[in-house]
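Undergrad: Submitted below is the structure of interest, expressed as structure tokens.
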Amino acid sequence: MSSNEKETTIVAFCCIYCAYAAADLAGSMRLQYPSNVRIIRTPCTGRLEVEYFLRAFENGADGVLVAGCEEGSCHFKEGNLIAKRRVNYARKLLAESGLEAERLKMVNVSAAMARLFTEHVREMAETVQRLGPSPLNRAKTRVQQEIKP
Ligand code: FES
């Protein structure tokens, strides 16, 4: 684990039917992926509002991964397509507010794709490592240091 990896946090919203199951399978298969990933189990990615992604950044995430079922396989028909639109919209908001859009990404995996899931997580970790800690976190740290007695 690099020092940048230690300093950063990635939040992964994982659909319980596919990505979460793939993450679970990755654990059973003892596949390695970066330890700075915090998985949040969600019923379907379509349930995630734009606000959830923005809140994750506001609360300290340096990267957010949204992992849903493969297109055409969502258990709630179009949840993953709705999520895709929301992620794209949130990426635009991030870019407009000065945060790199690459910090937010949506991927699609099936429950059996443990290896692909770990690759997506690794890619996201590499992206975040390249970009460094979120500017929001850097600003927070600076303010906290300034108000310390
Ligand atoms: Fe998995 Fe909708 S049930 S993304």
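Undergrad: With an 8 Å Cα cut-off and a minimum separation of 6 or more residues, compute the relative contact order for the chain in percent. If you can, show how the numbers build up before the last one.
TA: Values: 246 pairs, mean separation 49.9, N = 149.
Computed value for the chain: 33 percent relative contact order.
Undergrad: Per residue, what accessible area does the stretch 1-121 have, given a 1.4 Å probe and all protein chains present, in Å²? Numbers along the way, then the final one.
TA: On the way: 6210 Å² over 121 residues.
Solvent-accessible surface per residue comes out at 51 Å².
Undergrad: Between Ser73, Thr45, Asn108, whose Cα lies farthest towards the positive end of the dipole of the stretch 11-149 when Lys and Arg beta carbons carry +1 and Asp and Glu beta carbons carry -1, centred on the Cα centre?
TA: Looking along the dipole axis, the top candidate is Thr45.
Undergrad: Report, to the nearest whole %, how much of the accessible area of the stretch 1-130 belongs to carbon and sulfur atoms, 1.4 Å probe, protein only. Mind showing how you got there, number by number?
TA: On the way: 3190 of 6760 Å².
Reported share for carbon and sulfur atoms: 47 percent.
Undergrad: Another question, if that's okay. What FRET efficiency do you get for Ala112 and Lys77 if R0 is 30 Å and r is their Cβ-Cβ distance, rounded to the nearest 0.05? Spell out each step's value before the answer.
TA: On the way: r = 21 Å, r/R0 = 0.70.
Using R0 = 30 Å, I get an efficiency of 0.90.
Undergrad: At 0.36 nm per residue, and after removing the present C-alpha to C-alpha distance, how many nm does the segment from Lys148 to Arg130 gain when stretched out fully? Don't jump to the answer; show the numbers that get you there.
TA: Working: separation 18, 0.36 × 18 = 6.48 nm, distance 2.99 nm.
Length gained, Lys148 through Arg130: 3.5 nm.
Undergrad: Hey, could you grab the Kirkwood Rh for the stretch 68-149? Inverse mean 1/r over distinct alpha carbon pairs, Å, one decimal.
TA: Details: mean 1/r = 0.0668 Å⁻¹.
Over the stretch 68-149, the inverse of the mean reciprocal pair distance is 15.0 Å.
Undergrad: So, one more: With charges only on Cβ, +1 for K and R and -1 for D and E, what is the dipole size of the stretch 33-149 about its Cα centre, in debye, rounded to 20?
TA: Values: 19 positive and 14 negative charges, 44 e Å.
Computed about the Cα centre, the dipole is about 220 debye.
Undergrad: Mind ranking 35-46, 87-98 by how tightly packed they are, going by the mean number of other C-beta atoms within 10 angstrom, highest first? Mind showing how you got there, number by number?
TA: Values: 35-46: 18.2, 87-98: 14.7.
Those peptides, ordered most packed to least, come out 35-46, 87-98.
Undergrad: Write down the Kirkwood hydrodynamic radius of the stretch 4-149, to one decimal in angstroms, obtained as one divided by the mean of 1/r over all alpha carbon pairs. Walk me through the numbers before you get to the answer.
TA: Values: mean 1/r = 0.0648 Å⁻¹.
Averaging 1/r across every pair of different Cα atoms and inverting gives 15.4 Å.
Undergrad: With each run of n ≥ 4 DSSP H residues scored as -39500 (n - 2.57), what mean residue ellipticity at 222 nm is computed for the chain after dividing by its residue count and rounding to the nearest 500 deg cm²/dmol?
TA: -15500 deg cm²/dmol
Undergrad: Here's another thing I want to ask about it. Give the total of Lys-Lys pairs in the chain with Cα-Cα distances below 28 Å; include a pair only if its members are 8 or more places apart or on different chains.
TA: Lysine pairs, 8 or more places apart or on different chains, close enough: 12.
Undergrad: Under the 0.36 nm per residue contour assumption, what length would be gained going from the current alpha-carbon distance of Ile40 and Arg85 to full extension?
TA: Values: separation 45, 0.36 × 45 = 16.20 nm, distance 1.99 nm.
Extending this stretch completely gives an extra 14.2 nm.
Undergrad: From the protein chains alone at 1.4 Å, what is the descending order of accessible area for Ile10, Ile16, largest first? Numbers along the way, then the final one.
TA: Details: Ile10 5, Ile16 70 Å².
The ranking, largest first, comes out as Ile16, Ile10.
Undergrad: Between Met29 and Glu7, with labels modelled 7 Å along Cα→Cβ, what's the label distance in nm to one decimal, could you check?
TA: Taking the simple label geometry, Met29 and Glu7 are separated by 3.3 nm.
Undergrad: Return a whole-number percent for the relative contact order of the stretch 70-149, with Cα pairs under 8 Å and 6 or more residues apart as the contact set. Show your work: numbers first, answer last.
TA: Values: 30 pairs, mean separation 18.2, N = 80.
That works out to 23 percent.
Undergrad: Something else now. Suppose every Lys and Arg Cβ carries +1 and every Asp and Glu Cβ carries -1, with no other charges. What dipole size does the stretch 1-75 come out with about its Cα centre, to the nearest 20 debye? It would help to have the intermediate numbers written out before the result.
TA: Numbers: 6 positive and 9 negative charges, 53 e Å.
Using only the charged Cβ atoms, the result is roughly 260 debye.
The values are calculated or read from the model by the stated rules, or taken from the named source; none is laboratory data. If you're wondering where the values come from, they're calculated on a predicted model, not measured in any experiment. Backbone-built Cβ (ideal geometry, glycine too); neighbour counts: all protein chains shown. These accessible areas exclude ligands, DNA and RNA; they are computed on the full protein's heavy atoms, side chains included. Shrake-Rupley method; radii C 1.70, N 1.55, O 1.52, S 1.80 Å.
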